[in-house]
1. By average Cβ neighbour count within 10 Å, what is the ranking of 101-112, 203-214 from highest down?
2. Restricting attention to the alpha-carbon atoms of region 87-173, what are Rg (one decimal) and Dmax (integer), both in Å?
3. Show me 126-136, 2-12 ranked by packing, highest mean number of other Cβ atoms within 10 Å first.
4. So how do 55-65, 152-162 stack up, highest first, on mean other-Cβ count within 10 Å?
5. Expected output is a single nm value to one decimal: the length gained when fully extending between residue 104 and residue 75, i.e. 0.36 nm times separation in residues minus the C-alpha distance. What is it?
6. Which order results if 94, 219 are arranged by neighbouring Cβ count within 10 Å, fewest first?
7. How would you rank 166, 21, going from fewest to most other Cβ atoms within 10 Å of each one's own Cβ?
8. If the chain between residue 202 and residue 124 were fully stretched, how many nm would it gain, using 0.36 nm times the residue separation less the Cα-Cα distance?
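Derivation of every value follows stated rules applied to the coordinates shown; laboratory data play no part. None of these values were measured; they are calculated from a predicted model. Backbone-built Cβ (ideal geometry, glycine too); neighbour counts: all protein chains shown.
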């Protein structure tokens, strides 16, 4: 069941420890194509609104074409981000993906429309994970539904992001490198626990749960979400 943050000011955060390559992915359904909101973020301790060390996956309703964008920042204003070549629609389920290596950030929507840019590399360990959180702007938390957010410690391939967008469960995509995975109300009822890395979310604003997208998801035989 997706986490429903439609009312605003609703999100989840967890304490983590990560540095280096990262990939992020989730399904989302946004209430708006006007705003730039955070889907998944990894950031270092707060360095002030607008200047944080972070990597994040976001919806870019404030950008031309309403793309998905992947952002990386080393505590400087502006940061670096890649944007997809096509955009998202409001009140519609889409799949978002993004990755960061030492040289490149990449963004995907619905498994394609890849955009790339040069990356900035946070010099500090990223110790905060947010679901529905923008890493830089405190008032840019996601409004809508987020489903199956996951984080890996490697750069996934174009083909792997395409498989995720085709409905493949994250258990089937590089499980040995997956750091965090949140079914968000899946196999054990409504909860915000990380079933992989143990980084359970603390929820703010009492977000609810909603119906999962009507997609032909592909699950591993040993587990369903």
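1. The peptides rank, most packed first, as 101-112, 203-214.
2. 13.7, 37
3. Ranked by mean Cβ neighbours within 10 Å, highest first: 126-136, 2-12.
4. Working: 55-65: 21.7, 152-162: 18.4.
Top to bottom by mean Cβ count within 10 Å: 55-65, 152-162.
5. Going from the current span to full extension adds 8.7 nm.
6. 219, 94
7. Ranking 166, 21 by Cβ neighbours within 10 Å, fewest first, gives 166, 21.
8. Details: separation 78, 0.36 × 78 = 28.08 nm, distance 2.28 nm.
Gain on extension, residue 202 to residue 124, equals 25.8 nm.
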